[in-house]
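Enquirer: Take this structure first; my questions come after.
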Amino acid sequence: MTADIRTVPVTLLRAGAALLGAYGYVLGLWLARHGLNPEPVATVREWVNRPLGLGEDFGPLAVMLLLAATGYAIGGRRPVRLVLTAVPALVATACVCFFVYHDMARLLEFLPLVLIGLVTRWTLGGTLPTWAGVLLGAACFGAVIAADDALPGLRRWWYPVAATFAALLFLVAVRPGPTATAVAAHPVTRGLALVAEVPLLVGSALALVVVP
Amino acid sequence: MRIHIVVLVHVLLAALAVGAIAVWGTGADPALAGQRVTVPDRDPRLPDNPERLAIVRPPGVLVTDTATVKQGTAPSVLPEGEAEVLTDAGVVEVNAYVAREDGITQGLWQMSVRDGGDPRQALRAIDDLYAAGGWRQAPTPDRDVLVREQRPAGGQRFSGYRAHYVRGPYLIRIEAYGTDQAKVDDAFATLAGRQLAQWPPR
């Protein structure tokens, strides 16, 4: 059974978001709320997170990957199913912003990634000319930076860096080669892609229950 | 078959790297062990440790900017008397912003004391040096901040303030000097207010 080439990027990105979301918003959040920094996590924080400039144990990166995949997925849908596809990811993101960050304005930093996914889908599909796609994508990225500047207290978390990584990983994933397609066809990857919103919801529940 | 060889080569290279790290550590030069400064890391989840640079940028045109130089500069950038006193007290690295605006020079100096040294001893030593040099004690906004001032006298035309305090492993100096007393007072008060609000003594 050949996988539909257009679902491969979505599967890969959602699986990545599931893994990183579990690491960042479940494990990382639990450790942070207890003030712990045990060994394998401490080394990853010092040797991977810090050099790359990705904070919160890749949590925001996971959200951004999920939203980019969602944007890409809804680009191929008719309006009714569009809502069904987008709602879980948006609800999960809203839960994270509300329960973990207590700051709904942070949605403004995450939502442009949906538009980037959408614009990319339309550009690759020919609906949008390339120059328009590039301009719109850059504008969405500018929106992330503008939101980061406007919202107080976010500067030190470097969300635009996470957005850069998310956008680059997304753009690489939308042109999958045979290996990527094979990985996406694997049952583990597909299972992870199915449950991509779950770590975000679990993290939100954790944030409610475990108070620092 | 080809994929197995590729994977095998990657695993062997990774094992080589891990083995080297296990044997030789992560490359810190043991001769520099006496120069290490451990900066407190309040939140390991942040993408960068903001405590690495605990000074704000003074207003005006920057005439000295060693704040973002990775290893900082040696204490010898300071005048000889100060450099000697500070080095004896354990200062190994100096990062500074010095700016000039409107005839007033304002500076912020972050002097890192090595692990094993005592930043408060460096604080006392530098304050004693200034006291011995004729700088008078000036009113201080905070018990942990020692402020000294100098007025024009003899052939010396400058008014100046030097404030020192300790934050973590750093001895931080706030300075302002110039020939116009009122402007120096203002500039120093503003700069000290900003610096102490953002990076209070600890």
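Enquirer: Between residues in region A:40-52 that are part of a helix (DSSP H, G or I) and residues that are not β-branched (V, I, T), which pairs lie under 6 Å by C-beta distance while being six or more apart or on different chains?
Expert: Sorted first by the residue in region A:40-52, then by its partner, the pairs are A:R45/B:P44.
Enquirer: Can I ask one more? Can you tell me which residue in region B:26-53 is farthest from B:D186 (Cα to Cα), limited to those that are within 14 Å of chain A (Cβ to nearest Cβ) and among the small types (G, A, S)?
Expert: Among those that are within 14 Å of chain A (Cβ to nearest Cβ) and among the small types (G, A, S), it is B:G27.
Enquirer: Name the one entry in B:T64, B:T68 that is in contact with a strand residue (DSSP E or B) (Cβ under 7 Å, 6 or more places away or on another chain) and away from chain A (no Cβ under 14 Å).
Expert: B:T64
Enquirer: I need the full set of residues from region A:116-132 which are under 15 Å from A:V174 (Cβ atoms) and of a type in the set (A, V, I, L, M), in order please.
Expert: Answer for region A:116-132, where residues must be under 15 Å from A:V174 (Cβ atoms) and of a type in the set (A, V, I, L, M): A:I116, A:L118, A:V119, A:L124, A:L128.
Enquirer: Select, from A:A147, A:A89, the only residue that is among the hydrophobic types (A, V, I, L, M, F, W, C), buried (at least 18 other Cβ atoms within 10 Å of the Cβ) and closer than 19 Å to A:L13 by Cβ.
Expert: The unique qualifying residue is A:A89.
Enquirer: Shifting gears a bit: Looking only at region B:154-174, count every residue that is of a type outside the set (K, R), open to solvent by 10 Å² or more (accessible area, probe 1.4 Å) and in a strand (DSSP E or B) and tell me the total.
Expert: 2
Enquirer: Among the residues of region B:46-73, how many are under 16 Å from the mean Cα position of the chain (by Cα), among the hydrophobic types (A, V, I, L, M, F, W, C) and surrounded by 14 or more Cβ atoms within 10 Å (Cβ to Cβ)?
Expert: Residues flagged as under 16 Å from the mean Cα position of the chain (by Cα), among the hydrophobic types (A, V, I, L, M, F, W, C) and surrounded by 14 or more Cβ atoms within 10 Å (Cβ to Cβ) within region B:46-73 amount to 5.
Enquirer: Run down B:T87, B:T140 and say which single residue is open to solvent by 30 Å² or more (accessible area, probe 1.4 Å), within 15 Å of the chain's Cα centre (by Cα) and among the β-branched types (V, I, T).
Expert: Matching residue, one of B:T87, B:T140: B:T87.
Enquirer: To continue, here is another question. Among the residues of region B:175-199, which ones are of a type in the set (S, T, Y) and not in a strand (DSSP E or B)?
Expert: Result: B:T179, B:T190.
Enquirer: Continuing with the same structure: Search region A:35-81 for residues being of a type in the set (K, R) and more than 11 Å from chain B (Cβ to nearest Cβ), and hand back the single one that is least open to solvent (accessible area, probe 1.4 Å).
Expert: For region A:35-81, the residue satisfying everything is A:R77.
Enquirer: With the condition kept exactly as written, say whether any residue in region A:21-34 is open to solvent by less than 60 Å² (accessible area, probe 1.4 Å), away from chain B (no Cβ under 14 Å) and of a type in the set (G, A, S).
Expert: For region A:21-34, residues open to solvent by less than 60 Å² (accessible area, probe 1.4 Å), away from chain B (no Cβ under 14 Å) and of a type in the set (G, A, S): present.
Enquirer: Mind listing whichever residues of region A:53-63 are in a helix (DSSP H, G or I) and either within 18 Å of A:L168 (Cα to Cα) or among the hydroxyl-bearing types (S, T, Y) (or both)?
Expert: A:F58, A:G59, A:P60, A:L61, A:A62, A:V63 - these are the residues of region A:53-63 that are in a helix (DSSP H, G or I) and either within 18 Å of A:L168 (Cα to Cα) or among the hydroxyl-bearing types (S, T, Y) (or both).
Enquirer: Please pick out the residue among B:R114, B:R124 that is free of Cβ contacts under 8 Å to residues at least 40 places away in the same chain, surrounded by fewer than 21 Cβ atoms within 10 Å (Cβ to Cβ) and either assigned by TED's automatic domain parsing to the domain that holds B:R148 or within 29 Å of B:K183 (Cβ to Cβ) (or both).
Expert: Unique residue meeting the criteria: B:R124.
Enquirer: Let me ask something else. Answer yes or no as to whether B:R202 is assigned to a loop (DSSP other than H, G, I, E, B) and surrounded by fewer than 20 Cβ atoms within 10 Å (Cβ to Cβ).
Expert: Spelling it out, B:R202 is indeed assigned to a loop (DSSP other than H, G, I, E, B) and surrounded by fewer than 20 Cβ atoms within 10 Å (Cβ to Cβ).
Enquirer: Same structure, new question: State all residues of region B:45-74 that are modelled with pLDDT under 90 and part of a loop (DSSP other than H, G, I, E, B); if no residue qualifies, say none.
Expert: Matches in region B:45-74: B:D48, B:N49, B:A67, B:T68, B:V69, B:K70, B:Q71, B:G72, B:A74.
Enquirer: Now, a different point. Residues of region A:150-171 being in contact with a helix residue (DSSP H, G or I) (Cβ under 9 Å, 6 or more places away or on another chain) and open to solvent by 90 Å² or more (accessible area, probe 1.4 Å), which ones?
Expert: Listed by number, the residues that qualify are A:R155, A:R156, A:W158, A:L171.
The values are calculated or read from the model by the stated rules, or taken from the named source; none is laboratory data. Remember, predicted model here, so these are calculated numbers, not experimental data. Reconstructed Cβ throughout: ideal geometry from the backbone, glycine too, with neighbour counts over all protein chains shown. Surface accessibility is based on the protein's heavy atoms, side chains included, excluding ligands, DNA and RNA. Shrake-Rupley method; radii C 1.70, N 1.55, O 1.52, S 1.80 Å.
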